[in-house]
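Okay, structure first, notes after.
The values are calculated or read from the model by the stated rules, or taken from the named source; none is laboratory data. What you see is a predicted model, and the numbers here were worked out from it, not measured in a lab. Every residue, glycine as well, gets a Cβ built from its backbone with ideal geometry; the counts of neighbours run over all protein chains shown.
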Amino acid sequence: MHTAQPIRDKEDLAHIKAYYKTVRPNRRNYLLIIIGLNTALRVSDIIRLKWEDVYDYRTESWREHIALAEQKTGKTSVIFLNKGVKAALEEYKQSLFPGTTPVPSQDYLFSSYGQGDTHISRIQAFRIIRQAAQACGIEGVISCHSLRKTFGYHAWKQGVQPVMLMNIYNHSSFQVTMRYLGIEQDDRDRIFRNI
C-alpha cells in the first residue's frame, strides 16, 4: 500500500506524541503532531492557523473551538480544542513568549524560521512527521495525512458513530470512510489471520 496509513498501534501513537516533547524537544513540532492527531484537520489547514484562531485576546484564554474555511473544500469547520491541544498550545506559547509577553495575533502558529508572517510548508510538515515516525520505528506509509486518518481510526475503534466520522471528513458514504481509515483492510486482514 502506498496510501498514507493511520497509526493504529496505541504504543506507536504514544511514541510519536512523545518524540518532540521529550526525546527531541521542539514545542512547535510537538504542537503540529498534537493538533493533527486531535482535530482531523488537513495539514494545509493546520499550517495556516494563526494565534488569533486559537487564542481569545479579549479573555486572554484559549478558544474552545477553531472555526475555519477548509482550504480544500471551502466548507467551514468548527473544531473543538480538547485539553491535550490546549496544554500543547500553552507549552508552545510559554516557550516563545514567557510570562506575560503578548502573543502577536496575526502571526502563524507554525512559523517558518521564526518569522511569524510566514508559515512552514507542507513539505516541511511532512519532514517533521516522517522524522518522528522513523525515529519511533513506526512502519508503513506515514505522512501528514496519517495524523488526520489516525484521529478517525481511533475514534472508530472507540465506538464513534460512522455517520459522525462521515460528517467530520465530508465523505459521501460509509464505505468511503471505512476505506479512508483503513478499516476495510483491517477487517480483511483479520479474516486471513484467523483462518
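So which of Ala88, Ala40 ends up being buried (at least 18 other Cβ atoms within 10 Å of the Cβ) and on the phi > 0 side of the Ramachandran plot? Explain how you work it out, then say what you get.
Numbers: Ala88 fails: on the phi > 0 side of the Ramachandran plot.
Ala40 is the lone residue from the list that is buried (at least 18 other Cβ atoms within 10 Å of the Cβ) and on the phi > 0 side of the Ramachandran plot.
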Quick one: is His2 at pLDDT 95 or above, over 14 Å from the mean Cα position of the chain (by Cα) and either on the phi < 0 side of the Ramachandran plot or surrounded by 18 or more Cβ atoms within 10 Å (Cβ to Cβ) (or both)? no
Among Tyr55, Tyr30, Tyr20, which is touching a residue at least 24 places away in the same chain (Cβ under 8 Å), among the aromatic types (Phe, Trp, Tyr) and surrounded by fewer than 21 Cβ atoms within 10 Å (Cβ to Cβ)? Tyr55
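Going by the structure shown, is Phe126 modelled with pLDDT under 90 and either closer than 20 Å to Pro25 by Cα or among the polar types (S, T, N, Q) (or both)?
Numbers: modelled with pLDDT under 90: no; either closer than 20 Å to Pro25 by Cα or among the polar types (S, T, N, Q) (or both): yes.
No: the conditions fail for Phe126.
Scan the range 70-88 for residues that are touching a residue at least 12 places away in the same chain (Cβ under 8 Å), closer than 18 Å to Asp45 by Cβ and not in a loop (DSSP other than H, G, I, E, B) and report the count.
Let us first name the residues in the range 70-88 that are touching a residue at least 12 places away in the same chain (Cβ under 8 Å), namely 70-73, 75, 77-82, 84-86, 88.
This time we only want the ones that are closer than 18 Å to Asp45 by Cβ, so: 70-73, 75, 77-82, 85, 88.
If we keep only those that are not in a loop (DSSP other than H, G, I, E, B) too, we end up with 77-80, 85, 88.
Number satisfying all stated conditions: 6.
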Could you grab the pairs with beta carbons closer than 8 Å, sequence gap of 6+ or different chains, first residue in the range 169-193 and modelled with pLDDT of 85 or more, second one of a type in the set (Ser, Thr, Tyr) and outside any helix (DSSP H, G or I)? Asn170/Thr73
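Filter the helices (runs of 4 or more DSSP H) completely within the range 22-69 down to those with at least 1 residues that are aromatic (Phe, Trp, Tyr). Walk me through it before giving the result.
Values: elements: 27-39, 43-46, 51-54.
By residue number, 27-39, 51-54.
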Looking only at the range 114-127, decide whether some residue is touching a helix residue (DSSP H, G or I) at 6+ places or on another chain (Cβ under 8 Å), of a type in the set (Ser, Thr, Tyr) and either in contact (Cβ under 8 Å) with a residue 24 or more places away in the chain or under 22 Å from Lys72 (Cα atoms) (or both). no
Residue tally, condition outside any loop (DSSP other than H, G, I, E, B), closer than 22 Å to Tyr20 by Cα and among the polar types (S, T, N, Q), over the range 128-171: 4
Number of the exception - Asp45 against (1) crowded, with 18+ Cβ neighbours inside 10 Å; (2) touching a Phe, Trp or Tyr at 6+ places or on another chain (Cβ under 9 Å): (2)
Any residue in the range 89-111 that is farther than 18 Å from Leu32 by Cβ sitting within a Cβ distance under 6 Å of a residue that is of a type in the set (D, E, K, R) and surrounded by fewer than 16 Cβ atoms within 10 Å (Cβ to Cβ)? List the pairs, counting only those 6 or more apart or interchain. Ser105/Glu52
Restricting to the range 170-195, name every residue that is more than 23 Å from the chain's Cα centre (by Cα) and of a type in the set (A, V, I, L, M, F, W, C). Ile191, Phe192, Ile195
